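**Q** After the structure tokens below, expect a handful of questions from me.
The values are calculated or read from the model by the stated rules, or taken from the named source; none is laboratory data. Predicted, not measured: the structure shown is a model, and the values here were computed from it. All Cβ positions, even for glycine, are placed from backbone atoms using ideal geometry, and neighbour counts span all protein chains on display. Quick note on the areas: whole protein, heavy atoms, side chains included, nothing else; ligands and nucleic acids left out. Shrake-Rupley method; radii C 1.70, N 1.55, O 1.52, S 1.80 Å.
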Amino acid sequence: MKKGLVLEGGAMRGLFTAGITDVMMEAGIVPDGLIGVSAGAAFGCNYKSRQPGRAIRYNMRFAKDPRYSGMRSLLRTGDYFNAEFGYHIVPYEYDLFDIKTFEQNPLVFIVVCTDVETGQAVYHQIDHVDFDELEWLRASASMPLVSKVVEVGGRKLLDGGVSDSIPLEYFESIGYDRNVVILTQPDGYQKEHNRLMPLMRIGLRKYPDMIEALDKRHIMYNKELAYVREAEREGRCLVIRPEEKIPIGHISHDPDNMRQVYEIGRTTGEKYVQQIKAFYQCE
């Protein structure tokens, strides 16, 4: 049996997930592998470095710091979330990322990105920390229109959620057969067609396959939700969802709002922690 943890994205909704995973870490729950998409990857890396509290801490600290995110960064660099400051300065200078623990922890950590030239998902395992590996992490969380295309590993990449938002099927295909899936939308949610497609077509006009993937993303996402529900019904996965819509947008500069969402996640995690332990221990 291989125990997996599947984290979907959702930008700042990912702080809900961070609250749950912090409770899991504090409870000593150790999966064999973790696959994260977008915010699920950017915040999920702290599971492998064993740093509960880190995601909410640096997000609150830099919520209103123009070096971290905002329109000034978007206009100056092409990235709403400043690439250099957020991914290459904060983890080394302001809120230290525990690289040694990350690299020594046997937990398999995989991030999902989207290749803008093909529109297909790319799955990349991160075992060590250097500039390029952090770029893979950044690519997974780089939202179209407010992020530049990330070039790393000979590929051009953006948000993994465009091509594989809830990668349970992929994780099962590589041997993870007992998975906890953390979603950031309540039960019954169905994604609708992206209303920003006219802007997407302009901003990504060089990448027709990426535009097609964005145009059909809602179809892909809703099929994956159906797959998760069937796996849940069959007992192959344990799904944790918010009870209602999470009260935060994709982007937030309000530390109190961030803390609120994180605490909702912690409360949810505490509710499920014994169930998670039992699910993982079941042979």
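**Q** Do you know which residues across the range 165-181 are part of a loop (DSSP other than H, G, I, E, B), of a type outside the set (Gly, Ala, Ser) and open to solvent by less than 30 Å² (accessible area, probe 1.4 Å)?
**A** Here is the first cut: in the range 165-181, the residues part of a loop (DSSP other than H, G, I, E, B) are 165-167, 174-177.
Next cut, of a type outside the set (Gly, Ala, Ser) only: 166-167, 174, 176-177.
Hits for the range 165-181 are Ile166, Pro167, Tyr176.
**Q** Related question: Kindly check whether there is at least one residue in the range 139-153 that is assigned to a helix (DSSP H, G or I) and under 18 Å from the mean Cα position of the chain (by Cα). Write out each step before concluding.
**A** The initial filter retains those residues of the range 139-153 that are assigned to a helix (DSSP H, G or I), namely 139-140.
The next check asks that each one be under 18 Å from the mean Cα position of the chain (by Cα); those that pass are 139-140.
Within the range 139-153, one or more residues are assigned to a helix (DSSP H, G or I) and under 18 Å from the mean Cα position of the chain (by Cα).
**Q** So in the range 55-65, with the set limited to residues that are open to solvent by 10 Å² or more (accessible area, probe 1.4 Å) and not hydrophobic (A, V, I, L, M, F, W, C), which one is farthest from Glu93 (Cα to Cα)?
**A** Going through the range 55-65, the residues open to solvent by 10 Å² or more (accessible area, probe 1.4 Å) turn out to be 57-58, 60-61, 64-65.
Restricting the remaining residues to those that are not hydrophobic (A, V, I, L, M, F, W, C) gives 57-58, 61, 64-65.
Numbers: Arg57: 14, Tyr58: 12, Arg61: 13, Lys64: 18, Asp65: 15 Å.
Taking the candidates together, the pick is Lys64.
**Q** Go through (1) without any contact (Cβ under 8 Å) to a residue 24 or more places away in the chain; (2) over 30 Å from Arg54 (Cβ atoms); (3) not in a loop (DSSP other than H, G, I, E, B) for Gly188 and report which single condition fails.
**A** It fails just one condition, (3).
**Q** Taking the condition among the aliphatic types (A, V, I, L, M) and surrounded by 20 or more Cβ atoms within 10 Å (Cβ to Cβ), does Val162 pass?
**A** yes
**Q** Got at least one residue in the range 260-270 being closer than 17 Å to Tyr189 by Cβ, β-branched (Val, Ile, Thr), part of a loop (DSSP other than H, G, I, E, B) and open to solvent by less than 40 Å² (accessible area, probe 1.4 Å)?
**A** No, the range 260-270 contains no residue that is closer than 17 Å to Tyr189 by Cβ, β-branched (Val, Ile, Thr), part of a loop (DSSP other than H, G, I, E, B) and open to solvent by less than 40 Å² (accessible area, probe 1.4 Å).
**Q** When Met71 is evaluated against the numbered criteria (1) under 20 Å from the mean Cα position of the chain (by Cα); (2) farther than 16 Å from Leu5 by Cα; (3) surrounded by fewer than 20 Cβ atoms within 10 Å (Cβ to Cβ); (4) not aromatic (Phe, Trp, Tyr), which criterion, by number, is the only one it fails?
**A** Unmet condition: (1).
**Q** When you go through Gly44, Gly4, Gly78, Gly86 one by one, which is the residue that is out of contact with any Pro (no Cβ under 8 Å at 6 or more places or on another chain), open to solvent by less than 10 Å² (accessible area, probe 1.4 Å) and closer than 30 Å to Lys191 by Cα?
**A** Values: Gly4 fails: out of contact with any Pro (no Cβ under 8 Å at 6 or more places or on another chain); Gly78 fails: open to solvent by less than 10 Å² (accessible area, probe 1.4 Å); Gly86 fails: open to solvent by less than 10 Å² (accessible area, probe 1.4 Å).
Only one candidate passes the filter, namely Gly44.
**Q** Output the residues belonging to the range 189-203 that are surrounded by 11 or more Cβ atoms within 10 Å (Cβ to Cβ) and either over 22 Å from the mean Cα position of the chain (by Cα) or aliphatic (A, V, I, L, M) (or both).
**A** Leu196, Met197, Leu199, Met200, Arg201, Gly203
**Q** From Val108, Val129, Val90, grab the single residue that is in contact with a Gly (Cβ under 6 Å, 6 or more places away or on another chain) and more than 24 Å from Asp209 (Cβ to Cβ). Spell out the reasoning first.
**A** Working: Val129 fails: in contact with a Gly (Cβ under 6 Å, 6 or more places away or on another chain); Val90 fails: in contact with a Gly (Cβ under 6 Å, 6 or more places away or on another chain).
Of the residues listed, the single one that is in contact with a Gly (Cβ under 6 Å, 6 or more places away or on another chain) and more than 24 Å from Asp209 (Cβ to Cβ) is Val108.
**Q** Here's something else I'd like to know. Taking Tyr207 as the residue in question, decide whether it is open to solvent by 50 Å² or more (accessible area, probe 1.4 Å) and among the aromatic types (Phe, Trp, Tyr).
**A** Numbers: open to solvent by 50 Å² or more (accessible area, probe 1.4 Å): no; among the aromatic types (Phe, Trp, Tyr): yes.
No: the conditions fail for Tyr207.
**Q** Report the residue count in the range 200-222 for those that are in contact (Cβ under 8 Å) with a residue 60 or more places away in the chain, of a type in the set (Asp, Glu) and either under 27 Å from Gly188 (Cα atoms) or not in a helix (DSSP H, G or I) (or both).
**A** Result for the range 200-222: 1.
**Q** Would you please list the contacts, defined by Cβ atoms under 7 Å and residues six or more apart or on different chains, that run from a residue in the range 223-251 that is closer than 18 Å to Lys271 by Cβ and touching a residue at least 24 places away in the same chain (Cβ under 8 Å) to a residue that is acidic (Asp, Glu) and assigned to a loop (DSSP other than H, G, I, E, B)?
**A** Matching pairs, first to second residue: Arg241/Asp187.
**Q** Which condition number does Ala139 fail, the rest of (1) open to solvent by 10 Å² or more (accessible area, probe 1.4 Å); (2) touching a His at 6+ places or on another chain (Cβ under 9 Å) being met?
**A** Among (1) open to solvent by 10 Å² or more (accessible area, probe 1.4 Å); (2) touching a His at 6+ places or on another chain (Cβ under 9 Å), the lone unmet condition for Ala139 is (1).
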